[in-house]
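Colleague: The structure is given below, and queries will be raised subsequently.
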Protein chains: 2
Amino acid sequence: MQSMARDSPAASVARPASAGAGRGGDPYASRVGAFPERRQRLDPVLYGVPGDGDVLTPRQARAFRDDGYLVLAGLLSEKRVGALSAEMRRLFEDPGLRHREETITEPGSDVTRSVFRIHELCPVFRALARDPVLLDIARFILGDDVYLHQSRLNYKPGFDGREFYWHSDFETWHVEDGMPRMRAVSMSVLLSDNHEFNGPLMLVPGSHWVYLACVGETPEDHYKRSLKRQEYGVPDRENLSALIEEGGIAVPKGPAGSVIVFDCNMMHGSNGNITPYPRSNAFFVYNACSNRLVAPFGGRKPRPAFLAHRDFAPLRPL
Amino acid sequence: MQSMARDSPAASVARPASAGAGRGGDPYASRVGAFPERRQRLDPVLYGVPGDGDVLTPRQARAFRDDGYLVLAGLLSEKRVGALSAEMRRLFEDPGLRHREETITEPGSDVTRSVFRIHELCPVFRALARDPVLLDIARFILGDDVYLHQSRLNYKPGFDGREFYWHSDFETWHVEDGMPRMRAVSMSVLLSDNHEFNGPLMLVPGSHWVYLACVGETPEDHYKRSLKRQEYGVPDRENLSALIEEGGIAVPKGPAGSVIVFDCNMMHGSNGNITPYPRSNAFFVYNACSNRLVAPFGGRKPRPAFLAHRDFAPLRPL
């Protein structure tokens, strides 16, 4: 499968001429070595030029490049958040959806935690994914047309919301989905207020400049478990601690309607939540069209399309 | 056992003449009804008069009375914190201590989470418990001589520190230890920095004015499990949510050496911790000598002395 990836035209375009790092010419190989490894990122973070256009201020653009994330506080109106939240509740309570593969439940319970492919399941999230502001930001950052690599709704309940351990999304997307390079950006649209105490997203500023190759082979159909509890693609404690020592931990707070934009290789996670305040967000991953998926670099069969879309047509604003 | 408590001289002194609320004349009966119940606190919070003496400023005294807690930032010197932390590490790594009943390990592992009775196990914690500043605050708040009801070291590790669900300590101390009334105060001496993200103590301001009677009978030797995971004496979600709706959630931050003083009936808990930053503190519970223990109000045999001391001699400063 590794060779399939190498043979694919998209992959060969995406690979740099001097792919010296990593195994078999893959600079972002992971889960293949006996030891974890810290590598430098080989790709730009920001393709747009700070100051160009009016999508982001120069300060915002530089902050995204340097820190790897950006918080757009209160971007969406209260009314729109209300409509999105109502639709979220409908989706989560829909018994017809509960047993579909797009729906992920809490470990050991029947409570819905995530629903994937929301931009195809309902019009309001389809519109949100193609919101001109979000799309323009994604295109500015990635310097390319973009398509949706993944969309989902996340719900972390109150009282017993579980933690989500530290990880880089790119590591998984590269190994399990075949995303060649770091040229994708995530947007978390908050549908509830992010407090300091209800298990909010935690980011490690600057960690997006570093690639942590993890140990442990990926089992077949790993995604069925990993969406509930990550066991592979988990960064080692020593390198993780070093990243946090260098960059600290940022905990973006904000009211519902705020948008957290972060790089695909940002180290992030979240603590559990015993407070009565649930946490929910709509999550979109925009990938550069030039960075479209090839065969998974981990050598297994690709994850299903609801986790990693293979419709690479450029998104147009609605 | 309930009747034993009623027959004991100490208990009869402690009971008010008109103990109308609760069952069998116990205004703080809990784990006996089929439904949870919200009751008013019948005891003062602050016995000292704001402005009297120089132990607390009038503002601090009133804040403690109204909110139920107080943060004394950076009370202990860095040097003293260093000595206390070194002693903590020694205790936690002492193989001779690991299998004693005073030592509580993480659920499903051998990692030490708490060590009790530290004021008897080592001189530096003995001195800390009798620190004139801490003692004076306890005596001012409780308006009485005080003794140590409990002492312990808590260590919440980094990476996989577990949450501790909401509870009122007094509920347990009343039901399982026989503490008659709310006339005790807790002090958490921070031995590591409290960040917003490493599972710090969360308090519900004002919740100390309310008593939540819980459902579910207490099993024999409950403490052996409850120190790892509370299953009884757990507040119901509806009343808990109402308390939090009314008072909010306070998350005292502070450097190592700070002291968090809080009322015995304060609703509190903490989230888990996936960050590399462990959290540790020394915890002392001062009880008014006039409020000394009787037989447990839950009717079971008393918990062992390392959890609920029965040496009621007034503490003198060192």
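The values are calculated or read from the model by the stated rules, or taken from the named source; none is laboratory data. This one's a predicted model, so the numbers in the text were calculated from it and none came from an experiment. Because the Cβ atoms are built from the backbone with ideal geometry, glycine has one as well, and the counts that use them run over all protein chains shown. Calculation scope for accessible area: heavy atoms of the full protein, side chains included, ligands and nucleic acids excluded. Shrake-Rupley method; radii C 1.70, N 1.55, O 1.52, S 1.80 Å.
Colleague: Which count do you get for residues in the stretch A:56-65 that are part of a loop (DSSP other than H, G, I, E, B) and open to solvent by 50 Å² or more (accessible area, probe 1.4 Å)?
Modeller: 1
Colleague: Can you tell me how many residues within the stretch B:67-79 are touching a Leu at 6+ places or on another chain (Cβ under 9 Å) and either over 16 Å from B:Ala138 (Cα atoms) or of a type in the set (Asp, Glu) (or both)?
Modeller: 2
Colleague: Can I ask one more? Identify, please: which residue in the stretch B:170-199 is crowded, with 23+ Cβ neighbours inside 10 Å and among the charged types (D, E, K, R) and is, among those, farthest from A:Phe164 (Cα to Cα)?
Modeller: Looking at the filtered set, the residue picked out is B:Arg183.
Colleague: Quick one: which helices (runs of 4 or more DSSP H) lie wholly within the stretch A:66-179 and hold at least 1 residues that are touching a residue at least 12 places away in the same chain (Cβ under 8 Å) and over 24 Å from A:Pro235 (Cα atoms)?
Modeller: Answer list for the stretch A:66-179: A:78-93, A:95-98, A:118-121, A:123-129, A:132-142.
Colleague: If I go through the stretch B:140-163 residue by residue, how many of them are open to solvent by 50 Å² or more (accessible area, probe 1.4 Å) and under 16 Å from the mean Cα position of the chain (by Cα)?
Modeller: Residues in the stretch B:140-163 being open to solvent by 50 Å² or more (accessible area, probe 1.4 Å) and under 16 Å from the mean Cα position of the chain (by Cα): 2 in total.
Colleague: Residue by residue through the stretch A:232-275, note down the ones that are among the β-branched types (Val, Ile, Thr), buried (at least 19 other Cβ atoms within 10 Å of the Cβ) and within 9 Å of chain B (Cβ to nearest Cβ).
Modeller: A:Ile244, A:Ile249, A:Ile274, A:Thr275, listed by residue number.
Colleague: Then there is this: Go through the stretch A:43-74 and give me each residue that's in contact with a strand residue (DSSP E or B) (Cβ under 8 Å, 6 or more places away or on another chain) and among the hydrophobic types (A, V, I, L, M, F, W, C).
Modeller: A:Val45, A:Leu56, A:Ala63, A:Phe64, A:Leu70, A:Val71, A:Leu72, A:Ala73
Colleague: Provide a single number: the residues in the stretch B:38-55 that are open to solvent by less than 50 Å² (accessible area, probe 1.4 Å) and over 14 Å from B:Phe140 (Cα atoms).
Modeller: So the count comes out to 3.
Colleague: How many residues does the stretch B:156-203 hold that are aromatic (Phe, Trp, Tyr) and more than 9 Å from chain A (Cβ to nearest Cβ)?
Modeller: Selection size over the stretch B:156-203: 2.
Colleague: Please state which one of A:Pro219, A:Pro304, A:Pro278 is under 30 Å from A:Ala83 (Cβ atoms), surrounded by fewer than 19 Cβ atoms within 10 Å (Cβ to Cβ) and more than 12 Å from chain B (Cβ to nearest Cβ).
Modeller: Exactly one residue qualifies, and that residue is A:Pro304.
Colleague: Within the group A:Ser192, A:Ser188, which residue is in a strand (DSSP E or B) and either touching a strand residue (DSSP E or B) at 6+ places or on another chain (Cβ under 6 Å) or farther than 25 Å from B:Gly269 by Cα (or both)?
Modeller: Selected residue: A:Ser188, the only one of A:Ser192, A:Ser188 that is in a strand (DSSP E or B) and either touching a strand residue (DSSP E or B) at 6+ places or on another chain (Cβ under 6 Å) or farther than 25 Å from B:Gly269 by Cα (or both).
Colleague: Might you check whether a residue that is within 15 Å of the chain's Cα centre (by Cα), under 27 Å from A:Phe125 (Cβ atoms), within 14 Å of another protein chain (Cβ to nearest Cβ) and at pLDDT 95 or above occurs anywhere in the stretch A:204-211?
Modeller: No.
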